[in-house]
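*Asks:* Here it is: the structure, laid out below.
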Amino acid sequence: MRYRKLGSTGLMVSEVSFGTIPILKGSVPVLPKYYNLSEEQALAVMDHAFRLGCNLFDTAIVPEYGDAERKLGRFASGDRRKKIIISDKARFFDGNEMYMAVLESCENLGTWPDVYFVHQADWDHEEEIFQKGGALDALSQLKEEGRIRFTGLASHYYDILLRGAEDPRVDVLQGSGNLLERGMLDRIRKEPVFRQKGMVINKVYAAGLLPGFFSTRVLLGSVLSYPVSSVLIGIGSAEQADEAFGRDMGCESVIPDFEQVLSVLEKDFIPIPCDRCQRCRCPYGTEIHTVFRQYNYFFLGKDHWALRKLDMGIRKSAQLCRTCTDMPCLSMCPYGIWIPDEIQRVFELVKRYL
């Protein structure tokens, strides 16, 4: 295992970090059906990863991640606490709610979180997070009080991460990206302001779909070739820990470019060639890149889940797209995707299966 600087925090973190969704137990929305670990099983998996060199463990507040936060707290007890780094998060945007969430997390963990993130920051809550008295102010106050060591902002949106990178209150960022959805990573690499922040990247396996097409070494190495601190992988077994931590991943010497990735996927279906760079903006508010992502995920194996997501508004989006005369999205797309036709193709898919 190799280690990298976590921005300007002074911490060194393992290139691959441990995501705790698979170790939780209970009926929660994020629980994969094939995991339901007891406390002893979870502790054994975390200990195995630790012995392989992992020192960054990421969780979230109860009940969002079930009992994972409490399990991690037990694992971190004793002398081990000095040897690992805990990142935690909560989906609260109001400052008072965030403050109370952190106190609850400290109680669940039985220790302090090293980094605490505003989780799932989106456009609907952006101003609430950044405004005076918002979630970032609360985290800054908690940092001053010594209840957390560093503040974090987690988002799937490039513009929000960029705003976080420019905000002195934010120490660490958490974004998403992978071999296919590399557009945001490409933009982060070109923007110098991100260099001062720690950067953790999730969704490296694209919800577990890409390992069916590419090796773990290629998937991890591709993201580690960017200026990031660590890639976050959900681990639910010793075998998965061995795959993620048990060898020197480093930066893969031969990383497939975007066209090569598409050519591999084309053996199974015709993907929409969108890398989720998020440059396209719909005047009616359709998240074009998210629609295209769900379409590709449908064919990659997340069919029922992807259809449920697409069914939430695709009919209206298709109607608006059909009547739009400006179509500013077309000039924004670096791949020249004819977006109106692709939106209709997605709509036809949903009609056919729902």
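*Asks:* Among the residues of region 201-231, which ones are among the hydrophobic types (A, V, I, L, M, F, W, C) and touching a Gly at 6+ places or on another chain (Cβ under 8 Å)? Spell out the reasoning first.
*Replies:* Going through region 201-231, the residues among the hydrophobic types (A, V, I, L, M, F, W, C) turn out to be 201, 204, 206-207, 209-210, 213-214, 218-220, 223-224, 228, 231.
201, 204, 209, 223, 224, listed by residue number.
*Asks:* Condition first: modelled with pLDDT under 95, surrounded by 21 or more Cβ atoms within 10 Å (Cβ to Cβ) and of a type in the set (Val, Ile, Thr). Can you find one or more residues in region 68-86 that meet it?
*Replies:* There is no residue in region 68-86 that is modelled with pLDDT under 95, surrounded by 21 or more Cβ atoms within 10 Å (Cβ to Cβ) and of a type in the set (Val, Ile, Thr).
*Asks:* In addition: Got at least one residue in region 174-182 being of a type in the set (A, V, I, L, M, F, W, C) and closer than 23 Å to residue 96 by Cα? Break it down into steps so the answer makes sense when it comes.
*Replies:* Taking region 174-182 and keeping what is of a type in the set (A, V, I, L, M, F, W, C), we get 179-180.
After this cut, where a residue has to be closer than 23 Å to residue 96 by Cα as well, the list is none.
There is no residue in region 174-182 that is of a type in the set (A, V, I, L, M, F, W, C) and closer than 23 Å to residue 96 by Cα.
*Asks:* Restricting attention to helices (runs of 4 or more DSSP H) lying wholly within region 1-110, give those where 2 or more residues are under 21 Å from residue 231 (Cα atoms) and touching a residue at least 40 places away in the same chain (Cβ under 8 Å).
*Replies:* Values: elements: 39-51, 68-75, 95-109.
The helices (runs of 4 or more DSSP H) meeting that bar are 39-51, 68-75.
*Asks:* Taking region 160-215 only, how many residues are in contact with a Ser or Thr (Cβ under 7 Å, 6 or more places away or on another chain), surrounded by fewer than 18 Cβ atoms within 10 Å (Cβ to Cβ) and touching a residue at least 60 places away in the same chain (Cβ under 8 Å)?
*Replies:* The number of residues fulfilling the criteria is 1.
The values are calculated or read from the model by the stated rules, or taken from the named source; none is laboratory data. In this text, all values refer to a predicted model and were calculated from it rather than measured experimentally. Note that each Cβ is placed from the backbone with ideal geometry, even for glycine, and that neighbours are counted across all protein chains shown.
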